[in-house]
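**Q** Structure in structure tokens, see below.
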Amino acid sequence: MRTCIYSAYSKKDVEMLLSQTHDIWDLQVTYNSGAIFEFLEKIKCDFLLFDVETGGMFPLEALDKLKNYFPMLNVFLIVHGGAEILKLQFSKYLISGIFDLPQDFLFIKQYIENFFSDKESRKNQTVLMNMDKNTADIINSNIIGKSRAAAALKEFIVKASKNDFPVLLLGETGCGKGLVAELIHKLSAFKTKKFMPINVGCIPENLAESFLFGTEKGSFTDAETKDGIFAAANGGTIFLDEMESLSPAVQAKLLHVLETKAFCPVGSMNIKKTDFRLICASNENLRELIKKKLFRRDLYYRLDVLRYEIPPLRKRKEDIALLVNYYLKSTGKRISPSAMEKLYLNNWHGNIRELKNCLNRACCKASDTDIITALHIEF
């Protein structure tokens, strides 16, 4: 979803624009052009839609200030007649587009979306051109999408794979944190060694320490000498999902391992050395957990070196059609326009995982036909 500051002339215009863009733009509305700069100081904005009839500053004064203080901001102007003449007057400001009212707001939406699609496509191509062929093939066969969010994610994966710093992946359930972690490993210097994905939330609390650190024979009833994850992953990558599920005691010991690259198995006094790349993931707000004393602040700062928040699917809806066609390719089925529209309008709180399950369900329901219709789509 793009964030737009709309400096509007009338409430009617705002209502008309909202009716066309409520699902893809986050509109921040003002009726005073002077307030544009207050918004720009507070929020990260993708573009400005500026009606020159808005009250407040004179349009040229506002554009001068924007040019000086926010030269990279994409600015689209709305005028009320005389667009061709005004294009010359505003030419020095590198305006991204001028719309002459009365103008169909659907046209305005489509023009701006096409503008960003072209821009993002060029950026995506630049990102791919900077990769070697093997890297590009691995990235593009796993990260499906041409949106700005997809391009940024691909770029992060490549950058993260070129060093051994800890990675902290944040994002809602089902958005692909495990896939991103595995891709970072596959493209890194650790790729010839083990990639060990661990869902911390699935490990019983009383077994977490022995599972991670290993055990020494006799350390508890029926205990045998056994390597834990830290020993088994030496030279490779450990991916700890649901990181917030670790108990405070184990968090403290993990911090020690990260700082010393050494540990003692449960029941042993012998120090073992290990060297692994750590990638952690969480769908919780770790800063809030720190405030509640549920997550160690010092561990958080040790992990928070390369942080990336993977956007939910509802914020990269322009990739839905590509994802759908990708997942249906192996089934031999096609999807109708009405079914695609139904998928596009859903909020996808379960993200890509939910989309895949939805398509699998639709394929089962459409077992007697090659075309999936809206009737086959259930949420």
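**Q** If you check residue 270 against the conditions, is it polar (S, T, N, Q) and over 30 Å from residue 46 (Cα atoms)?
**A** Taking the combined requirement at face value, the residue satisfies it.
**Q** Here is a further query. Kindly evaluate residue 192 against the criterion of being loosely packed, with under 15 Cβ neighbours inside 10 Å, among the hydroxyl-bearing types (Ser, Thr, Tyr) and more than 28 Å from residue 285 (Cα to Cα).
**A** Spelling it out, residue 192 is indeed loosely packed, with under 15 Cβ neighbours inside 10 Å, among the hydroxyl-bearing types (Ser, Thr, Tyr) and more than 28 Å from residue 285 (Cα to Cα).
**Q** Can you pull out the residues in the stretch 348-379 that are β-branched (Val, Ile, Thr), touching a Leu at 6+ places or on another chain (Cβ under 8 Å) and either assigned to a helix (DSSP H, G or I) or more than 23 Å from residue 144 (Cα to Cα) (or both)?
**A** Of everything in the stretch 348-379, just one residue is β-branched (Val, Ile, Thr), touching a Leu at 6+ places or on another chain (Cβ under 8 Å) and either assigned to a helix (DSSP H, G or I) or more than 23 Å from residue 144 (Cα to Cα) (or both), namely 352.
**Q** Restricting to the stretch 324-342, what's the tally of residues that are out of contact with any Leu (no Cβ under 6 Å at 6 or more places or on another chain) and either part of a helix (DSSP H, G or I) or in contact (Cβ under 8 Å) with a residue 60 or more places away in the chain (or both)?
**A** The total comes to 13.
**Q** Right, something else. Just checking, which of 133, 123, 119 is closer than 30 Å to residue 60 by Cα, of a type outside the set (Val, Ile, Thr), out of contact with any Ser or Thr (no Cβ under 7 Å at 6 or more places or on another chain) and at pLDDT below 85?
**A** Values: 133 fails: closer than 30 Å to residue 60 by Cα; 123 fails: closer than 30 Å to residue 60 by Cα.
Answer to the selection: 119.
**Q** Here is a check on your reading of the model: is residue 229 touching a Leu at 6+ places or on another chain (Cβ under 7 Å), without any contact (Cβ under 8 Å) to a residue 60 or more places away in the chain and of a type in the set (A, V, I, L, M)?
**A** Working: touching a Leu at 6+ places or on another chain (Cβ under 7 Å): yes; without any contact (Cβ under 8 Å) to a residue 60 or more places away in the chain: yes; of a type in the set (A, V, I, L, M): yes.
Against the criterion (touching a Leu at 6+ places or on another chain (Cβ under 7 Å), without any contact (Cβ under 8 Å) to a residue 60 or more places away in the chain and of a type in the set (A, V, I, L, M)), residue 229 qualifies.
**Q** Go through (1) of a type outside the set (Phe, Trp, Tyr); (2) closer than 29 Å to residue 170 by Cβ; (3) buried (at least 18 other Cβ atoms within 10 Å of the Cβ) one by one and return the number of the condition residue 265 breaks.
**A** (2)
**Q** Being among the small types (Gly, Ala, Ser) and within 24 Å of the chain's Cα centre (by Cα) is the filter here; which residues of the stretch 180-195 pass it?
**A** 181, 188
**Q** Something else: So, in the stretch 276-323, how many residues would count as being touching a residue at least 40 places away in the same chain (Cβ under 8 Å), surrounded by fewer than 20 Cβ atoms within 10 Å (Cβ to Cβ), outside any loop (DSSP other than H, G, I, E, B) and over 20 Å from the mean Cα position of the chain (by Cα)?
**A** Within the stretch 276-323, residues that are touching a residue at least 40 places away in the same chain (Cβ under 8 Å), surrounded by fewer than 20 Cβ atoms within 10 Å (Cβ to Cβ), outside any loop (DSSP other than H, G, I, E, B) and over 20 Å from the mean Cα position of the chain (by Cα) number 3.
**Q** If you scan the stretch 148-186, which residues turn out to be out of contact with any Phe, Trp or Tyr (no Cβ under 9 Å at 6 or more places or on another chain), of a type in the set (Gly, Ala, Ser) and not in a helix (DSSP H, G or I)?
**A** Result: 176, single match.
The values are calculated or read from the model by the stated rules, or taken from the named source; none is laboratory data. Quantities reported herein were computed from a predicted structural model and do not represent experimental measurements. A quick note on method: Cβ atoms are made from the backbone with ideal geometry, for glycine too, and the neighbour counts reach across all protein chains shown.
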